[in-house]
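For reference, the structure discussed in these notes is given below.
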Amino acid sequence: MSKIPIENIIQASYRLKGIAEKTPLQRNLNLSDEYEANIYLKREDLQIVRSYKIRGAYNLMSQLSKKERKRGVVCASAGNHAQGFAYSCYLLDIDGEIYMPTTTPAQKIDQCKRLGKKKVKIILTGDTFDAAKEEAIKYCEASKKVFVPPFEHPLVMEGQGTVGVEILNQFKGQLDYLFVPIGGGGLCAGIVAYFQKLSPKTKIIGVEPAGAPAMLRAKEAGEVVKLAEIDTFVDGAAVKQVGELTFEICIQGLYDLVVVPEGKICTFILQMYNKDAIVVEPAGALAIAALDRYRKEIKGKNVVCIVSGGNNDIERMPDIRERSLIFEGLKHYFIIQFPQRAGALREFLDNILGADDDIAYFEYSKKNNRTKGPALVGIELKNKADYEGLIRRMDKHGVQYTSINKDRNLFNFLL
């Protein structure tokens with residue numbers, strides 16, 4: 001018998017009626033034209049908590065005993081699970097405490113307070129989800145409160161699996177490919193368990209951010225491993241370690257597991273906003289950003305991408321645009337040694353910049369008694385191919401420069 005029986009997932013779908021929205025499965029015209037396929041988006045960003053996480057949290061919490069409810073509940077989350085947890089606390093009239101990383105966007109913190117009203121208390125601790133989780137578990141052990149995990153529990157996975165129930169109910173015909181974002185693996189495990197029984201021909205592609213490939217590293221090692229460091233930019237999917245059960249189920253049922261660079265994810269966040277007026281968070285764009293990897297295979301096929309969440313803080317947009325430009329090769333930073341004489345900058349502008357190049361960043365402080373002084377210069381290009389011409393002109397005119405885009409330590413220190 002499966003560790004996540006489909007009967008339980010179906011029961012969870014009935015339990016969630018009137019609680020979780022039955023989100024639309026929409027054919028996206030722009031993506032379909034781009035990839036010459038039928039690309040559908042499962043819009044979990046349209047949930048009342050703006051992510052699928054309400055499904056798993058409510059499915060678990062609604063089955064707690066009276067004694068457990070009275071003691072109260074605790075969760076750890078980078079944001080989306082916390083919102084599903086907070087709203088479930090309000091709906092079920094249970095007191096809850098939420099442990100969140102200090103890096104959690106303010107928009108997600110405010111949402112938790114709004115959704116949970118007076119039923120929840122928020123504790124900010126640690127720099128990552130894993131650090132917050134450790135503190136939450138210690139507190140639960142001391143207080144005897146119930147810990148509601150974001151992914152490593154069968155009831156949570158069964159709740160998340162109801163996304164798969166809806167997809168197969170909504171889609172008529174053979175679904176060829178399904179792209180699923182992976183953080184801890186709860187959503188993917190629930191969907192794999194359901195699709196293995198009811199749509200075994202569908203090829204399920206798990207997608208992780210390159211800065212936190214916990215499932216991929218576990219697959220390579222043959223067991224769950226803990227990453228030493230992660231990039232928390234894709235906060236809804238940035239975990240150091242996946243669950244034991246989620247790993248076991250996902251590895252058995254996934255057709256493929258791919259990672260996508262954070263910069264590429266940012267490109268698709270901007271594309272979805274500019275072309276379709278769809279606001280997605282970084283984790284919400286994961287599945288869509290993986291389509292390029294399968295461009296040839298999906299041509300003419302029926303494809304679904306799960307848009308897992310839309311909790312994006314508008315204050316993050318400058319950073320998202322910056323990461324996208326750098327990934328696409330359209331923005332480059334240099335340390336340039338300028339002669340300390342009048343007209344040096346004018347010569348640089350006239351001799352080095354191309355017709356479509358633009359100075360996007362310039363920081364320079366003149367030093368006395370020196371022949372040259374360093375300036376930090378950011379140059380934005382119209383086309384990626386213009387970079388070769390820029391470098392060629394700097395070499396021709398004897399410009400002393402250091403490119404820092406690929407030196408992450410220097411880049412992070414200076415910018």
Output for region 300-336, where each listed residue is among the polar types (S, T, N, Q) and in contact with a helix residue (DSSP H, G or I) (Cβ under 6 Å, 6 or more places away or on another chain): Ser308, Asn311, Ser324
Enumeration of residues in region 390-415 that are more than 15 Å from Phe362 (Cβ to Cβ) and either in a loop (DSSP other than H, G, I, E, B) or of a type in the set (Lys, Arg) (or both): Arg392, Arg393, Lys396, His397, Gly398, Asn405, Lys406, Asp407, Arg408
Qualifying residue in region 61-70 (condition: in a helix (DSSP H, G or I), closer than 22 Å to Lys133 by Cα, of a type outside the set (D, E, K, R) and outside the structural domain of Gly186 (by TED's automatic domain parsing)): yes
So Gly164, is it buried (at least 24 other Cβ atoms within 10 Å of the Cβ) and in a helix (DSSP H, G or I): yes
Selection status of Ile288, in contact with a Cys (Cβ under 7 Å, 6 or more places away or on another chain), buried (at least 24 other Cβ atoms within 10 Å of the Cβ), at pLDDT 95 or above and of a type in the set (A, V, I, L, M): yes
Region 332-343, subset touching a residue at least 24 places away in the same chain (Cβ under 8 Å) and either among the aliphatic types (A, V, I, L, M) or under 15 Å from Pro261 (Cβ atoms) (or both), residue surrounded by the fewest Cβ atoms within 10 Å (Cβ to Cβ): Ile335
Tally of residues being buried (at least 21 other Cβ atoms within 10 Å of the Cβ) and either among the hydrophobic types (A, V, I, L, M, F, W, C) or not in a loop (DSSP other than H, G, I, E, B) (or both) across region 131-153: 6
Number of the exception - Gln174 against (1) in a helix (DSSP H, G or I); (2) under 19 Å from Tyr40 (Cβ atoms); (3) out of contact with any Gly (no Cβ under 9 Å at 6 or more places or on another chain): (1)
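Quick grid of which residues meet (1) more than 24 Å from Gly96 (Cα to Cα); (2) touching a residue at least 24 places away in the same chain (Cβ under 8 Å):
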position: Val163; (1), (2): yes, yes
position: Lys172; (1), (2): yes, no
position: Tyr177; (1), (2): yes, yes
position: Val180; (1), (2): yes, yes
position: Leu187; (1), (2): no, yes
position: Gly190; (1), (2): yes, yes
position: Ser199; (1), (2): yes, yes
Considering residues of region 181-205 that are touching a Gly at 6+ places or on another chain (Cβ under 8 Å) and not in a helix (DSSP H, G or I) only, the residue surrounded by the fewest Cβ atoms within 10 Å (Cβ to Cβ): Ile204
Residue in region 246-260 that is under 14 Å from the mean Cα position of the chain (by Cα), under 30 Å from Ile6 (Cβ atoms), at pLDDT below 95 and not in a helix (DSSP H, G or I) present: no
Qualifying residue in region 104-112 (condition: in contact (Cβ under 8 Å) with a residue 24 or more places away in the chain, outside the structural domain of Asp231 (by TED's automatic domain parsing) and surrounded by fewer than 15 Cβ atoms within 10 Å (Cβ to Cβ)): yes
Residues located in region 206-215, provided they are touching a Leu at 6+ places or on another chain (Cβ under 8 Å) and assigned to a loop (DSSP other than H, G, I, E, B): Ala212, Pro213
The lone exception for Asn38 - which of (1) over 19 Å from the mean Cα position of the chain (by Cα); (2) within 30 Å of Thr103 (Cβ to Cβ) it fails: (2)
Residue in region 82-100 that is more than 25 Å from Ala228 (Cβ to Cβ), of a type in the set (Val, Ile, Thr) and either touching a residue at least 12 places away in the same chain (Cβ under 8 Å) or assigned to a loop (DSSP other than H, G, I, E, B) (or both) present: yes
Filtered residues of region 283-299 (kept if over 23 Å from Glu166 (Cα atoms) and either in contact with a helix residue (DSSP H, G or I) (Cβ under 7 Å, 6 or more places away or on another chain) or not in a helix (DSSP H, G or I) (or both)): Arg295, Lys296, Glu297, Lys299
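To keep it simple, each residue is scored yes or no on (1) surrounded by fewer than 12 Cβ atoms within 10 Å (Cβ to Cβ); (2) over 18 Å from Phe327 (Cβ atoms); (3) of a type outside the set (Ser, Thr, Tyr).
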{"position": "Ile352", "(1), (2), (3)": "no, yes, yes"}
{"position": "Asp356", "(1), (2), (3)": "yes, yes, yes"}
{"position": "Ile359", "(1), (2), (3)": "no, yes, yes"}
{"position": "Phe362", "(1), (2), (3)": "no, yes, yes"}
{"position": "Gly373", "(1), (2), (3)": "no, yes, yes"}
{"position": "Lys384", "(1), (2), (3)": "yes, no, yes"}
{"position": "Met394", "(1), (2), (3)": "no, yes, yes"}
{"position": "Ser403", "(1), (2), (3)": "no, no, no"}
{"position": "Asn412", "(1), (2), (3)": "yes, no, yes"}
Filter pass, Tyr273 being surrounded by fewer than 19 Cβ atoms within 10 Å (Cβ to Cβ) and in contact with a strand residue (DSSP E or B) (Cβ under 7 Å, 6 or more places away or on another chain): no
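The values are calculated or read from the model by the stated rules, or taken from the named source; none is laboratory data. Quantities reported herein were computed from a predicted structural model and do not represent experimental measurements. With ideal geometry, Cβ positions are generated from the backbone for all residues, glycine too; neighbour counts draw on all protein chains shown.
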